[in-house]
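Engineer: Supplied in structure tokens, the structure appears directly below.
Read-outs throughout are calculated quantities, based only on the coordinates presented, and are distinct from any laboratory measurement. Predicted model only: the values in this text are computed from it and were never measured. Reconstructed Cβ throughout: ideal geometry from the backbone, glycine too, with neighbour counts over all protein chains shown.
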Amino acid sequence: MGNASEFDLPAYLGRIGAGAVPSPDLPALETLHARHLSTIPFENIDVYLGRPGGLGLEALQSKLVRAGRGGYCFEQNTLFAAALRALGYRVRTLEARVRPPGVTAVMPRTHMVLEVEIDGRAFAADVGFGGDGPIVPIALDGTPSEQPIGIYRVDREEGGIHVMRLSRDGVWRDLYAFTLTSAEAVDYEVAHHFTSTHPRSPFVRTLTAQRSEPETRHILRDRSYTVRTRGGETARVIEDGQLGALLAETFGLRVGDDLLGGILEKLNRPKAE
């Protein structure tokens with residue numbers, strides 16, 4: 001997963017707009033978590049175009065920090081874990097099973113989440129879940145966290161399973177389930193390979209970009225652009241000529257003509273069944 005000596009902390013803090021190096025406490029963790037989400041968007045452009053990269057720390061810093069790009073869960077949370085460790089936080093990397101709405105089958109462990117311990121209390125930190133993820137870390141002891149998009153809580157099930165849940169409009173639903181068994185870099189490499197190359201993977205099939213601000217979520221899936229706030233959501237269809245400006249101005253992504261051309265070519269191609 002990389003170590004603190006390989007991590008360029010000043011560059012990362014500059015990327016997320018942080019000031020002085022913070023102390024490893026809970027208020028700083030919450031600020032870092034929220035800033036990361038608002039400045040480094042969730043996106044799958046490389047996977048969507050069939051050229052996924054690796055999860056090495058230097059490659060992630062080059063892409064997400066220096067090149068002004070984003071990434072999906074394995075990229076985002078690997079980078080965030082390195083930043084937290086460089087700041088002196090105690091971090092464990094965990095695997096989770098996503099629980100999509102309406103799906104009852106057990107899903108594979110294809111999500112990454114972090115456990116951060118502060119003063120003997122454990123929190124789930126996750127900057128890689130996209131539009132439904134929490135803005136700040138959630139305590140693992142079941143304490144609810146009220147946030148603009150809804151209320152988050154980590155509940156426990158039999159067998160040492162923890163479940164990240166979200167209540168919106170008074171209805172609770174599961175987001176993902178995980179245990180506190182540490183995962184290693186090789187575990188994420190296997191999951192990353194599956195999610196970034198399998199023809200049925202949603203990340204291979206669907207263009208995705210998401211950016212989460214405290215009060216607003218911006219979500220792009222193929223041509224559908226949704227803005228979600230406490231008061232509800234609006235959606236519109238994005239035409240070819242609008243996509244570049246949307247990615248740059250709304251999501252803060254540096255996407256050159258070559259990438260944009262590749263995205264549009266695939267968007268205009270019929271999807272395989």
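Engineer: Any idea how far the Cα center of the stretch 78-114 sits from the one of the stretch 207-273, in Å?
Structural biologist: The distance from the Cα centre of the stretch 78-114 to that of the stretch 207-273 comes to 24 Å.
Engineer: OK, next. Using amide H atoms built in the peptide plane, which far-off residues or other-chain residues are under 5 Å from residue 122 H to H?
Structural biologist: Under 5 Å from the amide H of residue 122 lie the amide H atoms of 140, each far enough along the sequence or on another chain.
Engineer: If you wrap a convex hull around the Cα atoms of the stretch 55-213, how much volume per residue is inside, in Å³?
Structural biologist: 133 Å³
Engineer: Label points 7 Å out from Cα along the Cβ direction at residue 20 and residue 249: separation in nm?
Structural biologist: Those two pseudo-labels are separated by 3.8 nm.
Engineer: Among the GluC sites (Glu not before Pro) within the stretch 167-238, which fall in a DSSP loop and have no more than 10 other Cβ atoms within 10 Å of their own Cβ?
Structural biologist: 184
Engineer: Here's something else I'd like to know. Taking the square root of 5 times each eigenvalue of the Cα gyration tensor, what semi-axes in Å does the equivalent ellipsoid of the stretch 148-273 have, largest first?
Structural biologist: Equivalent-ellipsoid dimensions as semi-axes: 30, 23, 13 Å.
Engineer: Please state the equivalent ellipsoid semi-axes for the chain: what are the square roots of 5 times the Cα gyration tensor eigenvalues, largest first, in whole Å?
Structural biologist: The equivalent ellipsoid of the chain has semi-axes of 27, 22, 19 Å.
Engineer: One-quarter of the Cα convex hull surface for the stretch 1-118, in nm²?
Structural biologist: That works out to 8.1 nm², a quarter of the Cα hull's surface.
Engineer: For the chain, what does -39500 (n - 2.57) per DSSP helix run (n ≥ 4), summed and divided by total residues, give at 222 nm, in deg cm²/dmol to the nearest 500?
Structural biologist: So the helix-based figure for the chain works out to -8500 deg cm²/dmol.
Engineer: Give the shape of the stretch 169-239 as rounded, prolate or oblate, defined through the alpha-carbon gyration tensor: a ≥ b ≥ c are the square roots of its eigenvalues, a/c under 1.5 means rounded, and otherwise the shape is prolate if a/b is larger than b/c and oblate if not.
Structural biologist: oblate
Engineer: With each label point set 7 Å from Cα along the Cα-Cβ vector, what nm distance links residue 258 and residue 242?
Structural biologist: Distance between label points: 2.9 nm.
Engineer: Kirkwood hydrodynamic radius (Cα pairs, Å) of the stretch 126-199?
Structural biologist: 13.9 Å
Engineer: If you average 1/r across every pair of different Cα atoms in the stretch 76-125 and take the reciprocal, what Kirkwood value do you get, in Å?
Structural biologist: 12.2 Å
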